[in-house]
Amino acid sequence: MRKPPTSDEAEFGETSPLRRGVLLELIGYLLVGSIPMLLMTFLLTGFQPQSFAVSTGFYFFGSLLIITLLRRGYPHKSLGAGNLITLVRFVAVSALFSAIFVSVNPWLIVVISLPALVLDGFDGFFARKTGGESKFGARLDMEVDSALAIVLALNIWTAGFASPLIILLALPRYIFAGVSYFFPWLNKPLPERYSRKVVSVIQVASLIGLNAPIFPSWFVLMVSVIVAATLIWSFGRDIIWLRRSR
């Protein structure tokens, strides 16, 4: 007899209407989230059609990705506070994406980015506190973290505060994902490490700080080298662990 799907890996189409209810809940929150996203875009860039187009496009395709992740499996009756906090961060990242293509006040980028970083410390906490942990939530948090890092790095470059090499500080996660396509043993689940989260916070906090127009070029270079070293150490340690445990 076939066992009913009960875990994150259950196919969406095989579940009861309960899972479809969660999907509708997610779509509703994403539609509501588009309003503050557009308001933050206006705060950053003013009324510029190009900015609204790129932020809306980013938000739309990001929303499709989030919906796809949920459809792969979700074990709870509702999204929960942790995932809602992550969605708020996604709204901020989408608005920040508009600043890449136009000249904006860099302090506004800092002001919008800081809450997105601070909230990163609460989504996982509330998920654990309410028993709402899931692979969907962990993946959503990781994708928003990575998107925030690359948007911040692109803003630093386009503002002229650093060379295009600054973008490399936001790419390790994407490089790791690309390499894992050719080396499947890199896809093995990693053990929980607090240091990994600390390195992620250092990465994003540094990129937020470097968006402030107050640092000389030598300081930007020094911070970039330090952040690169911590990222190499963190990813290198995980790769070594995965290699030894194949």
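Where a number appears in this text, it was derived from the coordinates with a stated rule and is not lab data. Everything quoted here is computed from the prediction, not taken from an experiment. Cβ coordinates were reconstructed from backbone atoms using ideal geometry, including for glycine residues, and neighbour counts include every protein chain displayed.
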(request) Give the distance, in whole Å, between the Cα centre of region 168-186 and the Cα centre of region 59-128. (result) 22 Å
(request) In nm, give the distance between the simple-model label positions of Ala81 and Leu23, each being 7 Å from the Cα along the Cα-to-Cβ direction. (result) 2.9 nm
(request) Calculate I(q)/I(0) for region 189-242 by the Debye formula, one identical point scatterer on each C-alpha and no solvent, and give its log10 at q = 0.17, 0.19, 0.21, 0.24 Å⁻¹ to two decimals. (result) -0.58, -0.68, -0.77, -0.91
(request) Could you compute the FRET efficiency for Leu114 and Ile35, with r as their C-beta to C-beta distance and R0 at 25 Å, rounded to 0.05? (result) 0.70
(message) I need the phi-derived Karplus couplings for region 172-178: 6.51 cos²θ - 1.76 cosθ + 1.60, θ = phi - 60°, integer Hz, Gly and Pro marked x.
(response) x, 5, 6, 5, 4, 5, x
(message) Once you place label points 7 Å from the Cα toward the Cβ at Tyr181 and Asp238, how far apart are they in nm?
(response) 1.8 nm
(request) Show that you can apply the helix-only estimate: for the chain, add -39,500 (n - 2.57) for every DSSP H stretch of four or more residues, divide by all residues, and state [θ] at 222 nm to the nearest 500. (result) -24500 deg cm²/dmol
(request) Ratio to report: Rg/Rh of region 81-183, with Cα atoms as the point set and Rh obtained by the Kirkwood method; give two decimals. (result) 1.02
(request) Over 30 Å, how big is the tail of the calculated P(r) for the chain, in percent of all Cα pairs? (result) 31 percent
(request) Just give me a number: lysine pairs in the chain, eight or more positions apart or cross-chain, with C-alpha atoms less than 21 Å apart. (result) 8
(request) State, to one decimal in nm, how far the label point of Leu221 lies from the label point of Phe42, with both points 7 Å from Cα in the Cβ direction. (result) 4.4 nm
(request) Provide the gained length on full extension for the span Glu192 to Phe61, in nm with one decimal, where the gain is 0.36 nm per separating residue minus the Cα-Cα distance. (result) 44.2 nm
